[in-house]
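Participant: Have a look at this one before I ask anything.
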Amino acid sequence: MSPRRTLRIARWEVTRGAGALDRRTAAVLAVVILSCAALAPALVASPPAPGEGVYRVSVAESSPYYAPVAADDQLRAVPPGSEAVAGGRAEVAVAGSAFRVADTEKGRAALADFRSAVAAYNDRRMALDDDPAAAFPVTVDLAYVERGTTPVADGTGGDTTTVADGGATTGMDTTSADATTSDTGRETTTDTAGAPATTLPDAGSGAGVRPTTPGGLSPPFPLESLVLAFAFLLPLNVVIQSYGSSVIDERIGRRGEPLLVSPASRGDIVAGKTLPYLCGAAAITAVIALGVGAGLSAVLAVLPLAGLFLGVTFLGALFARSYKELTFVTVAVSVGLTAYAFVPAVFTEVHPIAAISPLSVVVRDVRGDPVALGGFLLSTVPVGTAAAVCYALGTGVYREEDLFTQKRLPAKALDALAAPLSSVWRVGLWSALLIPFVLVAELFSVAVLFVVPGALAVPALLALVAVIEEGAKSLPAYAGFAGGRFERRDRIAVAVGVASGVGFFLGEKLLLLTRLVGLPDLTVGRAAFGSAELGVGSPALFLAPLALHVAAAVVAALGARRSWGWYAAGLSGAILLHVAYDYAVVVLLG
Amino acid sequence: MDSRLVVARRELASLGREKTIVLALAIQLFVAAFSSFLVVGLVSLYAPGATAGAYVVTVGVAGNASGDLAPVVDAGGARTAIEYENPALARAAFEEGTVDAYVVAERAPSGRTHVDAVAPEGSFETTLVVTQLKDALTDYERQRRAELADRLDRQPLDLPPERGGNPYFGFTYTVLVPVLAFLPAFISGSIAADSVAEELDRGTFELLRVAPLSVADIVDGKALAFVAIAPAQAACWFAFLALNGTPLGHPVAVLGLVAAVSAVLVGAGIATALLAPKRREAQLVYSFGALAAFGAASLLPESPQNVVAKLAIGSPTTVTWLSVAGALALGVAGYAAARVAAARAGGA
């Protein structure tokens, strides 16, 4: 690859993109973007509330319950009437101090909302009372303490807290994450989403301490930081939209052909075309980081994710037959990767599973919490290597015979997989290179399944893991046979299977990354990644997974040798073998 | 056969041949699964009434007000209280894992009780424990307030009774249903823009016009196809939701709204593609335009999401019905405007 050529192509990509914009389109685009920008403050001032007024409460204006209903977003006051609930005009009816509730799901949901609205109203009302001790007779300080930490002697540092009046327990080590309260030296929960009215103006229970009332307690949930982290994902969608168009444009009408006959190598072209978009994404990310108060680690964590967005879009644009298909591909990429990044990050405060998402690094960074190296690696290395593999696959088919043919998307994907398989041992290499995707898929399965009860989650996860791993192992083999790279003979199929199994086994050692963040401590995590963990002790346990991978891969490869139907059968056999093995190891031995 | 129908059929056939519509449904399936996962996950973390009973939180209680507080803690179905003579014993029990959390409640001479609560750090339980502590302490606050009522100049209102509402209920109707209603409309507009941009790019648009078809006919045919598939997808979803025990209040009105929004977006998509014949620019203008339109619509007395939520949950207002009527009118007008603009642009 020559940096000079790459840069020239990058420059050309930028000028072509900007130069092709005719004046009328540019004007329209500017107007549209400006109106988006103009709308933003208005939307921040009155954010859309999709749940506004969905529950109806029949209450007279003279009733004391009218005020709480009027103040609550989801509730709507409707005029009272004898048959308001029975007639379906309201879910809850207030008559004096009696409540009538519709006997439906909706009625119960409305009642629950009504109840919390009245509680919030009471708190606001009490805040006006002259006797704060009677209005808020309970104050709370909440501390998060890790079990098994030995009590620290008083006064060793700012992170110790003293329980008021409880002389015996001094010096608990509060290591929790509410950065906003560190100045008080005491872990007072200041909630991000709750009602500010419940924080006492002046509690007078101790100097320099602002305890909250019970209503002000909130479970650790990094809502604000999550919203900020989400801001990093939105511009990526625009970037891949543009990038996908640019890549597919090379293919429509064979426009990219002159580039291919130029002395520039495929690597130069792909790198040159991608560079401006990656730089653009990095620049936007940096600007957002500056805006939301995140630092370098947030930018470094988002970049591999941007790379994966671009990498998958690149593949999608190479495989898509038409603009329409590309639109579906880009929407699928956005939805899938956004889910992958966003869902685990929701649990940043409560669960180590969050570490798989780059956004959890952003959330921690925004909150000013330390980012551990192990967590950082786990969230960025699989994503980054997956992006690199996407580019390796795409560059392999970035040539005339593949760019300008119209095939179905899966067929093109198989071509891309088959392209680099110049020898049998390369199947092993590609099995290993698919590991990042396996890791991403398995981590996501763990994230999705961890809310399910353990008894159900573990078998479901074992099955999912078997499907993901066997699929990844056998795909290069099938692509090799389907693409005519190998002779369809049993001996070769066995060799391919062995190569794929060994390659996968070696690549699987990457999964040891999960150890760094303590993921295997979870029941579900252990089920998914247990097999990579074993083998530290005896050689038999070390070799067992290798034997499993080879045997299952050979079964699938023998099927792949014949036809699609046989491949499906062979793959099912391999999956069953895998599940049986996992069941034996994880359930019976573990 | 009407030539417009022929164009529409051709578009649908191309979608079917490319299996892209399958991908569209897969995307929506993923969104729905992902939302319901979020519902279960978030709700069980954030408002874990859902897990009540399945997991009992044991709370150690100490301090001079513990005699008062312990019965309140015990009264909740998902928690039990253990009283300790002094805070040190409670802490020791917490360290040993006998209790999930502990509180030290001290009554001051003013009558106010100060509670120091300790919850385990950094585990899935934390949220559950804190929520239970919050419930218990809120109950206790209410009880104490009632005891001190004679010192208050205003009295708190009695709370409505508790009847265990399903915390997923609101989310499904106010978030999931609007997303499933508007996503297909948005995608329809986007692929309408693609379809025209592609015809222009490949030069096939000219071929179509050589055939006895006017630009308006082509626009009609394409629009027919793309406007039709959005409500069809939404209808599939609503049927699916109804099977799962989440029936919609006014399905026909919601589908009408989806059709109207699709008409506007498809018209806009086609107009954009004719205006900016490069796909990249057309898509950028379309995406930002749709974003701006949704943003602007959110400022209406009832936002489109809110209209869908109200119709779906079955509490529409007069404004809701007016919004639906307005959307239908806007759909027809917007599409007609796009068609006129297309005929002018294409004829030139």
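Participant: Would you confirm whether or not the range A:41-55 contains a residue that is in contact with a strand residue (DSSP E or B) (Cβ under 7 Å, 6 or more places away or on another chain), open to solvent by 40 Å² or more (accessible area, probe 1.4 Å) and touching a residue at least 24 places away in the same chain (Cβ under 8 Å)?
Facilitator: There is no residue in the range A:41-55 that is in contact with a strand residue (DSSP E or B) (Cβ under 7 Å, 6 or more places away or on another chain), open to solvent by 40 Å² or more (accessible area, probe 1.4 Å) and touching a residue at least 24 places away in the same chain (Cβ under 8 Å).
Participant: Of all residues in the range A:93-115, count the ones that are within 39 Å of the chain's Cα centre (by Cα) and either at the interface with chain B (Cβ under 7 Å from one of its Cβ atoms) or in contact (Cβ under 8 Å) with a residue 24 or more places away in the chain (or both).
Facilitator: 10
Participant: For residues in the range B:107-140 being in contact with an Asp or Glu (Cβ under 9 Å, 6 or more places away or on another chain) and charged (D, E, K, R), which is surrounded by the most Cβ atoms within 10 Å (Cβ to Cβ)?
Facilitator: B:ASP116
Participant: What are the residue pairs meeting all of these: first residue in the range A:122-144, first residue closer than 11 Å to B:ARG145 by Cα, second residue open to solvent by less than 10 Å² (accessible area, probe 1.4 Å) and among the charged types (D, E, K, R), Cβ atoms under 8 Å, and 6 or more apart or on different chains?
Facilitator: What qualifies is A:PHE136/B:GLU141; A:PRO137/B:GLU141; A:VAL138/B:GLU141.
Participant: Consider only pairs whose beta carbons are under 6 Å apart and that are at least six residues apart or on different chains; among these, list those whose first residue lies in the range A:1-30 and is under 15 Å from A:SER242 (Cα atoms) and whose second residue is assigned to a helix (DSSP H, G or I) and at pLDDT 85 or above.
Facilitator: A:ALA10/A:GLY272; A:ALA10/A:LEU275; A:ALA10/A:PRO276; A:GLU13/A:LYS273; A:GLU13/A:PRO276; A:VAL14/A:PRO276; A:LEU29/B:VAL285
Conditions tested, residue by residue: (1) open to solvent by 20 Å² or more (accessible area, probe 1.4 Å); (2) without any contact (Cβ under 8 Å) to a residue 60 or more places away in the chain; (3) over 30 Å from A:PRO41 (Cα atoms).
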| residue | (1), (2), (3) |
| --- | --- |
| B:CYS236 | yes, no, yes |
| B:PRO247 | yes, yes, yes |
| B:LEU255 | yes, yes, yes |
| B:VAL258 | no, no, no |
| B:THR272 | no, no, no |
| B:ALA282 | no, no, no |
| B:VAL285 | no, yes, no |
| B:ALA290 | no, no, no |
| B:LEU311 | no, no, no |
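Participant: Related question: Does any residue of the range A:264-285 turn out to be over 21 Å from the mean Cα position of the chain (by Cα) and either within 11 Å of another protein chain (Cβ to nearest Cβ) or under 25 Å from A:PRO370 (Cα atoms) (or both)?
Facilitator: Looking through the range A:264-285, at least one residue is over 21 Å from the mean Cα position of the chain (by Cα) and either within 11 Å of another protein chain (Cβ to nearest Cβ) or under 25 Å from A:PRO370 (Cα atoms) (or both).
Participant: If you don't mind, there's one more thing I want to ask. Hand me the list of helices (runs of 4 or more DSSP H) wholly inside the range A:265-353 holding 3 or more residues that are out of contact with any helix residue (DSSP H, G or I) (no Cβ under 7 Å at 6 or more places or on another chain).
Facilitator: Here the list reads A:266-292.
Participant: For B:VAL104, all conditions in the list (1) buried (at least 22 other Cβ atoms within 10 Å of the Cβ); (2) more than 16 Å from A:THR139 (Cα to Cα); (3) facing chain A (nearest Cβ under 7 Å) hold save one; what is the number of the exception?
Facilitator: (2)
Participant: Same structure again: So how many residues does the range B:54-92 have that are within 11 Å of another protein chain (Cβ to nearest Cβ), without any contact (Cβ under 8 Å) to a residue 60 or more places away in the chain and more than 16 Å from B:LEU128 (Cβ to Cβ)?
Facilitator: Number satisfying all stated conditions: 13.
Participant: Further, regarding this structure: Suppose we filter the range A:322-370 for residues that are surrounded by fewer than 20 Cβ atoms within 10 Å (Cβ to Cβ), over 22 Å from B:PHE186 (Cβ atoms) and in contact (Cβ under 8 Å) with a residue 60 or more places away in the chain; how many remain?
Facilitator: Total meeting the criteria: 2.
Participant: Count, please, the residues in the range A:116-130 that happen to be at the interface with chain B (Cβ under 9 Å from one of its Cβ atoms) and part of a loop (DSSP other than H, G, I, E, B).
Facilitator: Of the residues in that region, 3 qualify.
Participant: Before we move on, is A:ARG23 among the basic types (Lys, Arg) and at pLDDT 85 or above?
Facilitator: Criteria not met by A:ARG23.
Participant: State whether the residues of the range B:219-229 include one that is touching a Ser or Thr at 6+ places or on another chain (Cβ under 8 Å), open to solvent by 30 Å² or more (accessible area, probe 1.4 Å), of a type outside the set (Val, Ile, Thr) and within 13 Å of chain A (Cβ to nearest Cβ).
Facilitator: Checking the range B:219-229: not a single residue is touching a Ser or Thr at 6+ places or on another chain (Cβ under 8 Å), open to solvent by 30 Å² or more (accessible area, probe 1.4 Å), of a type outside the set (Val, Ile, Thr) and within 13 Å of chain A (Cβ to nearest Cβ).
Participant: In this structure, does A:PHE342 turn out to be out of contact with any strand residue (DSSP E or B) (no Cβ under 9 Å at 6 or more places or on another chain) and over 12 Å from A:ASN237 (Cα atoms)?
Facilitator: yes
Participant: Only one residue in A:ALA84, A:ALA67, A:ALA27 is part of a helix (DSSP H, G or I), open to solvent by less than 60 Å² (accessible area, probe 1.4 Å) and closer than 21 Å to A:ARG108 by Cα, so which one is that?
Facilitator: Unique residue meeting the criteria: A:ALA67.
Participant: Given the conditions (1) crowded, with 20+ Cβ neighbours inside 10 Å; (2) in contact with a strand residue (DSSP E or B) (Cβ under 7 Å, 6 or more places away or on another chain), which single one is not true for B:TYR173?
Facilitator: (2)
The values are calculated or read from the model by the stated rules, or taken from the named source; none is laboratory data. Treat the numbers as computed from the prediction; the structure is a model and nothing was measured. Cβ: placed from backbone, ideal geometry, glycine included. Neighbour counts: every protein chain shown. Surface accessibility is based on the protein's heavy atoms, side chains included, excluding ligands, DNA and RNA. Shrake-Rupley method; radii C 1.70, N 1.55, O 1.52, S 1.80 Å.
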